[in-house]
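Colleague: First the structure, then my questions, so here it is.
The values are calculated or read from the model by the stated rules, or taken from the named source; none is laboratory data. Because the structure is predicted, anything quoted here is derived from the model rather than measured. All Cβ positions, glycine included, derive from the backbone under ideal geometry; neighbour counts span all protein chains shown. When the accessible area is computed, the model is the full protein with side chains, heavy atoms only, and any ligands, DNA or RNA have been set aside. Shrake-Rupley method; radii C 1.70, N 1.55, O 1.52, S 1.80 Å.
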Amino acid sequence: MTHISEYPGKLNLDNCAREPIHIIGKTQAHGVLLSVDPENFKIIQVGENATQFFGKTFDSLLEKDLTSLLGEEQMTGFVELLNSEEISVPREVFINNTKFLMLAHNSGPNLILNFEPLQEVDSSYHFQRQLTRVLNKFKAAKSVDQLCNAATILTKEMFGYDRVMIYRFDEEWNGEVIAEIKEEDMGSWLGLHYPATDIPAQSRELFLKHQVRVITDVHYTPVPITPEISPLNEEPLDISRSGLRAVSPIHIEYLKNMKVGASLSAAIIIKGKLWGLIACHHKTAKYLDFYQRESCRFLVQMFSTELTLQENTALITQAKLSESIRRQLVVQMQEENDVVKALSEGNVKFTQIISCGGGAIFMKDQWKPVGNTPETEQLESLLNFIKKQPKNLFSTRNLSALLPEADAYKEVASGVLCIKIAEYKYIFWFKPEQVQEVNWGGNPKDKAFYNEKEDRLSPRKSFEKWSEKLTGISEAWQENDRDVARALRESISYILLAQQQKEIEALNTQLMEANEELKLFSYGLSHDLRAPVRGMEGILTILDEDHRKELSEEGRELLQMSRDLNEKMNDLIDNILEYSRLNHSDGLEVETVNTSELIGEVLKFVNVQGSYPKTTVKIQAQLPDLKGDRSMLFQLWSNLINNALKYSSEEENPFVEVGAEQLKGRKVFYVKDNGIGVPKKMKKKIFETFQRGVGSRFKGTGIGLAIVKRIIEKHQGDVWLESEEGKGSIFYFYIEI
Ligand code: ADP
C-alpha cells in the first residue's frame, strides 16, 4: 500500500488515474478528525487543527481518553450509542462551549470521529417543507429537460451556490452540461463538454459509493493528521468515508483554474450506473452542514428516481412502437413467401423498426438496399468486415474508426447496426454522419501536464470554449434498437424455418409423385415386355426341339445360352410385375387362411422333391391360421421357403424348417435353414429391390425379399432375420391384420 509520506509521488499522465485519493492523509479545514481505538477509547490520531476548535492543543489530546474531550456525561451517551450499533447516527456534542456535530464510522480497526461546528439548524418544519417542494416540482416535470431544470433551480434555492449544473456523462465518460442556473455575472457553461479525464475512473467510483461530496474552501490549507500511520494496524488511515476528507491536489488546482471557491457534487445514479452529477460551484468558500448535505442527498435521490421513471416511460413508448412494427413485419412475412420482399417492399419496412437513414438485407447472395445505403461493392466489403466480428450483433456509431475505408461513405453510414440471422443472412441498418460541433470547456487534448515545481501532475489551465468538429460519427444506437434487432432476428429465423419445412414437404410430395409414376411405368413396361419374351421362349423351344440336329455344336451352345437368358428375363419380368402390382394394388382381400394347407401348396409349387431331393423339410404341425390376402400370403411363403431351399442346397445335409412361436405376445412365424447365411452388413439391404448378396452361384433376381417386405407392410407386420455367415438363417415375420 502506498505510504502517505510518499504521496503524491511522481505521477505521470498514465498513472494519474491511479492517484490514491481515498487515503489522502489530510483533511479539509472546516472540521476536526480524530481516530480512536474502539477497545479503550484512547485517542490515537488527531487532526492538527484540533487546537483551533477545541481550545486544547492537538498533541495534548493524543493518547488521552476520549472522555477528556467529551466529558463523562456525553461519553456515556456515546458509548450507549456504539453498543446499540447505531454508530452512524450523528450526535450533537458540546466541547469548549461550542456545539459540534459528531459523526462516527469505522475504518479498519480504527473508529473515526468527525467533528463539525454546528450552526443554527433549520427547524424540522422548514426542512419538511423543502422536501415536499422538491417532490412536487419533480413530479410536475414532463420531460428529462424539465426535470433537470427543476433540479438546478431547487438546488440553487436550497443551498445558494452561484452556479448549479447538471453534468451528464456520455458512453466514453466525457461530460456535458445539460442544464444550468447561475449568477448573472458568470459566463454560461451550458452545452459545454468536458473530457473523461476531468473526472477520472476512481473519482467516479467514489461518487458511486459516497454520492455527495462537498469542498468547502478551495483555498484551504490541508490539515495533517498526526501521526500519519494508525498505530492499530500500521497503515495509513483510510478516510474515504469521511466528509472531511481532503481533496486531491490535482482536483484543487483544477477548481482553482476554473476560478471556483467551493463546490458540491452529487451523484445521479441510474440502475446502479453513474449517469451524471449535480455540480455546484461557488465563487468563494461555502460550508454546507451535515443536515444540508443530507437534504442534498435526498434531493439527488428523488431526482434519480424521477429520471429513471422518465427514461423508462420514454423507453416503453419506443419499445411498444417497435414491437407493433415487428408484429406487422411478421404478418407480412407470413403472407408473402419471399422474406426479403416482405421485409423491404411491404406496407411496413424493416427500416422503420429502428430509427435509421437506410438499411440492407443480404440473403441468398443478393443485396436488397432500402433508403440511403453504401454502394453494393462497399456493402460487400463491409460484410467481410462484419463476418469477422465475434458476435451476432454488431453496432457502432463511428464505423470509419474501425474500418478506415468506410470514411468514403460516412455520409450515409457512419453508424451501423447489423444482425446475423444465419450463415449468409444479414440485416443492416445505417445511420448517416451527424457532423457535430462540440464545444469543450477548454481544449480536451490539453488533458494534464507534469508540474515540475510541485512534482506532480497539473490539470489543464485553460477552460476557454474550444470548439471541435466531430466527423464520421452518427447519432448513438439505443439499447432498445439492439433489443428490437434481436427480436426481429428471432422472428425471421422462425419464419425461415417454417418456410424451409414447407419447401421440404413440397419436395417430398413431388418425390412421392415421381416415385408413383416410376412404379406405374415399370409396371407398364414389364407388362408390355412379357408377351414378346414369352413369344421368344416359344420360338426358342421350337428351335431346340425341331431343329437341334441341324445346328452345329457351337449353334447348340448358343441356343442353350439364349434359352437360359430368356428364362432369366422371364423371371425378372414376372418378379417386377408382381412387385409393381403390390405397389399399386389398392385393397387386400382379407380372409382367414389355413397356414399348413397354404404351405403344402407352396411346397408343391416349388417342387421340393424334384428340385431339392437332398433337403429335409420339416413343417411344424398345427401352424396357426393367418388372416390376410391369400394370394399375397402365398407369394410371401413361397419366396421365403424358396430362398431357404435355394441357399441351403449346397450343404451336405440341407435342412429347412417352418414353424411358429409365441414372442412378446405375438404369433411369430419363421423359416429356418442351415444354408450360407447372410453377412451382417447385408441384413438390411437384402430387403431392397435388386439387392443380391450372392453372385451368379445361385439363380435369382434380387426382388423376392422386397416383395416379402412389401406384403408384410401391407398386412401391418414386420420381418427380420437372425443369421450368421455360413451358419444358416432364420427369417421371422408377423402380420397383424
Ligand atoms: P434373390 O434370392 O433372387 O437373389 P431375394 O430378394 O429373395 O433375391 O434375396 C436377396 C438376397 O438375400 C439374396 O441374393 C441372398 O443374398 C440373400 N438371402 C435371401 N434369403 C436367404 C437365405 N435363406 N439364406 C442366405 N441368404 C439369403
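Colleague: Is it the case that the range 516-524 has a residue that's under 54 Å from the mean Cα position of the chain (by Cα), on the phi < 0 side of the Ramachandran plot and surrounded by fewer than 11 Cβ atoms within 10 Å (Cβ to Cβ)?
Modeller: Among the residues of the range 516-524, at least one is under 54 Å from the mean Cα position of the chain (by Cα), on the phi < 0 side of the Ramachandran plot and surrounded by fewer than 11 Cβ atoms within 10 Å (Cβ to Cβ), which makes the answer yes.
Colleague: Could I ask something else about it? Residues to consider are K614, K618; find the one that is at pLDDT 90 or above, closer than 19 Å to Y732 by Cβ and surrounded by fewer than 15 Cβ atoms within 10 Å (Cβ to Cβ).
Modeller: Details: K614 fails: closer than 19 Å to Y732 by Cβ.
Among K614, K618, only K618 is at pLDDT 90 or above, closer than 19 Å to Y732 by Cβ and surrounded by fewer than 15 Cβ atoms within 10 Å (Cβ to Cβ).
Colleague: While we're looking at this one, here's another question. Can you go through S638, S696 and tell me which one is under 17 Å from V593 (Cα atoms), within 12 Å of the ligand (Cβ to nearest atom) and at pLDDT below 95?
Modeller: Numbers: S696 fails: under 17 Å from V593 (Cα atoms).
So the residue among S638, S696 that is under 17 Å from V593 (Cα atoms), within 12 Å of the ligand (Cβ to nearest atom) and at pLDDT below 95 is S638.
Colleague: Also: Counting just the residues of the range 641-657 that are more than 8 Å from the ligand (Cβ to nearest atom) and buried (at least 23 other Cβ atoms within 10 Å of the Cβ), which one comes out nearest to G728 (Cα to Cα)? Steps first, answer last, please.
Modeller: As a first pass, look at the range 641-657 and keep what is more than 8 Å from the ligand (Cβ to nearest atom): 641, 645, 649-657.
Next cut, buried (at least 23 other Cβ atoms within 10 Å of the Cβ) only: 641, 656.
Working: I641: 13, V656: 10 Å.
In this case the residue turns out to be V656.
Colleague: Search the range 134-181 for residues being assigned to a strand (DSSP E or B) and of a type in the set (A, V, I, L, M, F, W, C), and hand back the single one that is nearest to S263 (Cα to Cα).
Modeller: Step by step, filter the range 134-181, then rank; the result is V164.
Colleague: I'd like the full set of residues that are among the aromatic types (F, W, Y) and open to solvent by 40 Å² or more (accessible area, probe 1.4 Å), limited to the range 39-96. Steps first, please.
Modeller: Taking the range 39-96 and keeping what is among the aromatic types (F, W, Y), we get 41, 53-54, 58, 78, 94.
Within the range 39-96, F58, F94 meet the criteria.
Colleague: For residues that are among the aliphatic types (A, V, I, L, M) and surrounded by 15 or more Cβ atoms within 10 Å (Cβ to Cβ), scanning just the range 707-737, find the one that is farthest from the ligand (Cβ to nearest atom). Can you show your working first?
Modeller: Within the range 707-737, the first condition is being among the aliphatic types (A, V, I, L, M), and the residues that meet it are 707-708, 711-712, 719, 721, 730, 735, 737.
Checking the rest, the ones that are also surrounded by 15 or more Cβ atoms within 10 Å (Cβ to Cβ) come to 707-708, 711-712, 719, 721, 730, 735.
Working: I707: 8, V708: 7, I711: 13, I712: 13, V719: 11, L721: 8, I730: 9, I735: 18 Å.
In this case the residue turns out to be I735.
Colleague: Another question, if that's okay. Yes or no: K568 basic (K, R), open to solvent by 70 Å² or more (accessible area, probe 1.4 Å) and modelled with pLDDT under 85?
Modeller: Numbers: basic (K, R): yes; open to solvent by 70 Å² or more (accessible area, probe 1.4 Å): yes; modelled with pLDDT under 85: yes.
Yes: the conditions hold for K568.
Colleague: Please pick out the residue among E589, E578, E545 that is open to solvent by less than 60 Å² (accessible area, probe 1.4 Å) and acidic (D, E). Spell out the reasoning first.
Modeller: Numbers: E589 fails: open to solvent by less than 60 Å² (accessible area, probe 1.4 Å); E545 fails: open to solvent by less than 60 Å² (accessible area, probe 1.4 Å).
The match here is E578.
Colleague: For the range 27-113, give me every one of the helices (runs of 4 or more DSSP H) that falls completely inside it and has 1 or more residues that are closer than 30 Å to S248 by Cα and among the polar types (S, T, N, Q). Talk me through it step by step, then tell me what you get.
Modeller: Details: elements: 50-54, 58-61, 67-83.
Per the criteria, 50-54, 58-61.
Colleague: Name the single residue that is farthest from Q622 (Cα to Cα) among those in the range 671-682 being surrounded by fewer than 19 Cβ atoms within 10 Å (Cβ to Cβ) and more than 9 Å from the ligand (Cβ to nearest atom). Working first, answer last.
Modeller: First, the residues of the range 671-682 that are surrounded by fewer than 19 Cβ atoms within 10 Å (Cβ to Cβ): 679-682.
The next check asks that each one be more than 9 Å from the ligand (Cβ to nearest atom); those that pass are 680-681.
Numbers: K680: 33, K681: 35 Å.
Once the filter is applied, the top-ranked residue is K681.
Colleague: Another one. Could you grab the pairs with beta carbons closer than 8 Å, sequence gap of 6+ or different chains, first residue in the range 710-737 and over 19 Å from L626 (Cβ atoms) and of a type in the set (D, E), second one in a strand (DSSP E or B) and at pLDDT 95 or above?
Modeller: Sorted first by the residue in the range 710-737, then by its partner, the pairs are E722/S729; E722/I730; E722/Y732.
Colleague: Among the numbered conditions (1) among the hydrophobic types (A, V, I, L, M, F, W, C); (2) at pLDDT below 85; (3) over 17 Å from Q292 (Cβ atoms), tell me where V144 comes up short.
Modeller: The failed condition is (2).
Colleague: Further question: Within the range 182-213, restricting attention to residues that are assigned to a loop (DSSP other than H, G, I, E, B) and surrounded by 18 or more Cβ atoms within 10 Å (Cβ to Cβ), which residue is modelled with the lowest pLDDT? Steps first, answer last, please.
Modeller: Applying the first criterion (assigned to a loop (DSSP other than H, G, I, E, B)) to the range 182-213 yields 183-191, 195, 199-200, 211.
Now drop any that are not surrounded by 18 or more Cβ atoms within 10 Å (Cβ to Cβ), which leaves 189, 195, 199-200, 211.
On the way: W189: 88, P195: 80, I199: 84, P200: 84, Q211: 88.
If we take residues in the range 182-213 being assigned to a loop (DSSP other than H, G, I, E, B) and surrounded by 18 or more Cβ atoms within 10 Å (Cβ to Cβ), then P195 is modelled with the lowest pLDDT.
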